[in-house]
Amino acid sequence: MSFSTLGLDASLLENLARLGYAEPTPVQRAAIPAVLAGADLLVSSQTGSGKTAAFVLPGLQRLRTPAKLAGKGPRMLVLTPTRELAMQVQKATHGYCSGLKLLTACLVGGMPFGRQLAEIRKSVDIVIATPGRLKDHMDRGSVDLARVELLVLDEADRMLDMGFQEELDSIVSRAPKARQTLLFSATLAGVVGHLAARVTRDAQRVEIAKKAEAKLDITQHALMADDEAHKGRMLDSLLREVEVEQALVFTAMKRTAAELTLELQGKGFTAGALHGDMHQKERTRTLNQMRQGRMRVLVATDVAARGIDVPAINLVVNYDAPRLAEDYVHRIGRTGRAGRAGVAVTFLGHADRNLVRQIERFTGHRVSLMEIPGLEPRARQREQRRSEHREHREHRKGAAQ
Ligand code: AMP
């Protein structure tokens, strides 16, 4: 099946051909015609499924028709949980809309207000924003949502996890009732379902099966770790593998990310940290260094790493195991991008043993337990010593007889 059967304009098809997209992904196949037909949608899809194009492409097509209301203010609004994801969506949008004379603005926290004000003073067609910063702009009267025709909530589950419920409700209440709303989320159950009921009308559900979608080109391993020192030695050994082009290392806390980065730099790796306490400028600089291949190892926390799309990352290390199987999927989805193969390695403490089974059940893929020769966990070393001892004794017994 090709994009041309989905009802998209020739100019968009040309841009897709230029980007080398040969055929739509399952979520694009299901969502694009429905969005073009004007339906509200609830879409459950995973990271890396091509969901951005699933809402941006039909959105762009809609913007090519005359506006319902004259005046200024965005006609399409995309809300994302993090700055990185917002910037990612903006970048993707620029790729899809090249030559179409549409203006976008990205309103995210951690960036200077002044520049954003100057950006939205122009007549922007699309605003991509994190809820907190958009709410700030609305409170200052710098953004008017009266012209919004298409509202997209991307990774809605994450926005709720991050405590943006109040901002979301406030933003939605200022958008026109007669709008089209698309909600994307890893899950549509629980609180996301309640949000969906409040913000959409007669929505169609698009559920893309997780198992079919979970990527097959990521080899997944788990390693038992005794303590921090053991984790440090195993990480060092993994990063020295020649096949590793660039690596992304996840820690549970910002402090660990900062400390581990210093440790890796001390060992001679070009490493950088990415976490929520950093100034946006610094985060952007770090990400650019990764993209340009000037940095080999990025140490990040879950939230900071959302939306990272660096194709040369072929190793993801969960230095601290993720709390949930969903987080695991998001983390490992940072490798195996753009059809390349990737490896994901998870360090497990004794309390994390159950996690492997949960992950296997959630993804439908096996996570094999392995060891690095010479860096086996203590329990295994004791076992090995005991068996060597036994062999030695048997050997001596044999020699004496
Ligand atoms: P997303 O799930 O939106 O983050 O997209 C994941 C990656 O897939 C991005 O790098 C996109 O550029 C890429 N992508 C999206 N749709 C297609 C497609 N139909 N063909 C090839 N690559 C795609």
**Rounded to the nearest 20 debye, dipole of segment 198-332 from Cβ charges on Lys, Arg, Asp, Glu** = 520 debye
**Complete:** Between the alpha carbon centres of segment 52-113 and segment 123-187 the gap in Å comes to 12 Å
**Prompt:** If amide H atoms are built 1.01 Å from N in the plane of the peptide, which residues on other chains or at least 5 residues away come under 5 Å of the amide H of Val206?
**Reply:** Leu42, Val43, Ser44
**Prompt:** Which of Met290, Ile359, Pro377 sits closest to the plus end of the dipole of the chain, meaning its Cα is farthest towards the positive end, when Lys and Arg get +1 and Asp and Glu get -1 on the C-beta?
**Reply:** Met290
**Fill in**
A student applying the Cα gyration tensor rule (rounded when a/c is under 1.5; otherwise prolate if a/b is larger than b/c, oblate if not) would label segment 110-160 oblate
**Fill in**
Amide H contacts under 5 Å for Val152, restricted to residues at least 5 apart in sequence or on another chain and with H modeled in the peptide plane, are Leu77, Val78, Leu79, Leu182
**Message:** Test of understanding: what is the full-extension gain from Gln292 to Ser170, defined as 0.36 nm times their sequence separation minus their Cα-Cα distance?
**Reply:** 40.0 nm
**Prompt:** Per residue, how many Å² of accessible area does the chain show with a 1.4 Å probe?
**Reply:** 46 Å²
**Asked** Quick one, what does Rg over Rh come out to for the chain if you take C-alpha atoms and the Kirkwood Rh?
**Response** 1.05
**Fill in**
Under a Gaussian network model of the chain whose springs join Cα atoms within less than 10 Å, the largest fluctuation of Gly95, Gly59, Gly276 belongs to Gly95
**Message:** Taking loop as defined by DSSP and a crowding limit of 12 other beta carbons within 10 Å, which trypsin sites (Lys or Arg not before Pro) in segment 95-188 fit?
**Reply:** Lys101, Lys122, Lys177
**Request:** Mind giving me the FRET efficiency for Arg323 and Arg385? R0 is 25 Å, r the Cβ-Cβ distance, nearest 0.05 is fine.
**Result:** 0.10
**Request:** Please state, rounded to one decimal and in Å, the Kirkwood hydrodynamic radius that segment 60-201 gives when every pair of distinct Cα atoms enters the mean of 1/r.
**Result:** 15.2 Å
**Request:** Kindly provide the GluC sites (Glu not before Pro) of segment 298-401 that DSSP labels as loop, not H, G, I, E or B, and whose Cβ sees at most 16 other Cβ atoms within 10 Å.
**Result:** Glu371
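Test of the criteria: in segment 241-348, which trypsin sites (Lys or Arg not before Pro) are in a DSSP loop and have at most 16 other Cβ atoms within 10 angstrom of their Cβ?
Lys267, Arg294, Arg323, Arg340
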**Prompt:** Cα gyration tensor of segment 42-115, axes a ≥ b ≥ c as square roots of the eigenvalues: rounded (a/c below 1.5), prolate (a/b > b/c) or oblate?
**Reply:** oblate
**Request:** Using amide H atoms built 1.01 Å from N in the peptide plane, name the residues 5+ places from Asn318, or on other chains, whose amide H lies under 5 Å from its own.
**Result:** Phe250, Val345, Thr346, Phe347
**Message:** Nothing charged except the Cβ atoms of Lys and Arg (+1) and of Asp and Glu (-1): what's the magnitude of the dipole of the chain about its Cα centre? Round to the nearest 20 debye.
**Reply:** 380 debye
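The values are calculated or read from the model by the stated rules, or taken from the named source; none is laboratory data. Quick caveat, the model's predicted, so the values are computed rather than measured. No Cβ is skipped: glycine too gets one built from the backbone with ideal geometry, and neighbour counts run over all protein chains shown. The accessibility values were calculated without ligands, DNA or RNA, using every heavy atom of the protein model including side chains. Shrake-Rupley method; radii C 1.70, N 1.55, O 1.52, S 1.80 Å.
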